[in-house]
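Working notes, beginning with the structure itself.
The values are calculated or read from the model by the stated rules, or taken from the named source; none is laboratory data. Owing to the predicted nature of the structure, the values given are computational and were not obtained by experimental measurement. Methodologically, a virtual Cβ is constructed for each residue, glycine included, from the backbone with ideal geometry; neighbour enumeration extends over all protein chains shown. Areas reflect the complete protein model, heavy atoms only, side chains present, ligands, DNA and RNA absent. Shrake-Rupley method; radii C 1.70, N 1.55, O 1.52, S 1.80 Å.
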Amino acid sequence: MRIDKLLANMGYGTRKEVKALLKGGSVRVNGQPEKSAKTHVNPDEDEVTVHGETVEYKDYIYLMMNKPGDLISATEDANDMTVIDILQPEDQVFQPFPVGRLDKDTEGLLLITNDGKLSHKLTSPKKDVGKTYYAVIKGTVDDKDVEDFKNGIKLEDGYVTKPAELKILSAEAQSEIEITITEGKFHQVKRMFEAVDKRVTYLKRIRMGDLALDPTLELGEYRELREEELDYLLSLTHLSQ
């Protein structure tokens, strides 16, 4: 890979800015000054430094975010801030995007990556990757609801959902539940409860499959996936990294 492309990909500026950086003598390859933008390097074998700091090259980025309830799950939006807008510049340079989507007012676990193949596999209906939500419900959730959700709920447009696992945490005038679904229709959880005359007042995604939201992440915070977390996601999709 040309060194100017490598440095540009890793966020050190535009190609023009990177060329200026090279000419200024700030870049070294294997300890030797390098000023030519056309020089080819092997990111896996050659050590490239800028201002003495090693450039760690990677093709893909995999992030876990605790999404706040005021951001759009998109790469850009004309009216609202997106989950990409709050990423650090060194992460934005990878041009990542959210895996699937969470409604604007829904909080919780959101994966962000630039690995299109993995994203497609994880969101494919064929994979049946369960998505678990914690929700506060206006109305008393009972055992009949558990059974109805298990059999599939007929939505207002006539669509019958796939079976969902409903777990009651508390059953009062305001109930608390966990629900696991394997599909992602528009506003699905909210529409399922509306179909049984109840209303979702708070919704947070807490798991995708066995991947749980890191409880140490505050709303709006994110981190890179740990190796074992990424391995788990790859195992779901029968992919090798």
| request: Kindly provide the pair-distance distribution of segment 30-127 built from C-alpha pairs, with 5 Å bins from 0 and whole-percent values in order of increasing distance. | output: 2, 11, 18, 17, 14, 10, 9, 9, 6, 2, 0
| query | With springs only between Cα atoms under 10 Å, which of 171, 20, 74 fluctuates most in a Gaussian network model of the chain? | reply | 20
| query | According to the Kirkwood expression over distinct Cα-Cα pairs, how big is the hydrodynamic radius of the chain, in Å? | reply | 20.3 Å
| task | Compare 129, 29, 93 in a GNM of the chain, Cα atoms joined below 10 Å, and give the one with the largest fluctuation. | result | 29
| Taking only C-alpha pairs under 8 Å that are 6+ residues apart, what is the relative contact order of the chain in percent? | 19 percent
| query | So which residue, out of 148, 44, 128, gets the largest mean-square fluctuation from a GNM of the chain using Cα contacts under 10 Å as springs? | reply | 44
| request: Straight distance only, please: which lysines reach the Cα of residue 138 with their own Cα at less than 21 Å, same-chain residues fewer than 8 apart left out? | output: 104, 150, 154, 167, 190, 198, 204
| message | I'd like the chymotrypsin sites (Phe, Trp or Tyr not before Pro) in segment 164-220 restricted to DSSP loop residues with at most 14 other Cβ atoms within 10 Å, sorted by number. | response | 186
| said: Could you work out what % of the accessible surface of segment 179-241 is carbon and sulfur, using a 1.4 angstrom probe and leaving DNA, RNA and ligands out of the count? | reply: 48 percent
| remark: Here, GluC sites (Glu not before Pro) of segment 115-213 satisfying both criteria (DSSP loop; at most 15 other Cβ within 10 Å) are 156, 172, 183
| query | Using unit Cβ charges (K, R positive; D, E negative) and no other charged atoms, how large, in debye to the nearest 20, is the dipole of segment 87-241 about its Cα centre? | reply | 580 debye
| said: What is the percent carbon and sulfur in the accessible area of segment 59-152, measuring with a 1.4 Å probe over the protein chains and ignoring ligands? | reply: 45 percent
| message | Once the cut-off is 21 Å, how many percent of the Cα-Cα pairs in segment 123-241 end up in the long-distance tail? | response | 44 percent
| Coil-residue chymotrypsin sites (Phe, Trp or Tyr not before Pro) of segment 100-170, DSSP, other Cβ within 10 Å capped at 14 | 159
| How much net charge surrounds residue 191 when only other residues with a Cβ under 13 Å from its Cβ are counted (Lys, Arg +1; Asp, Glu -1)? | -1
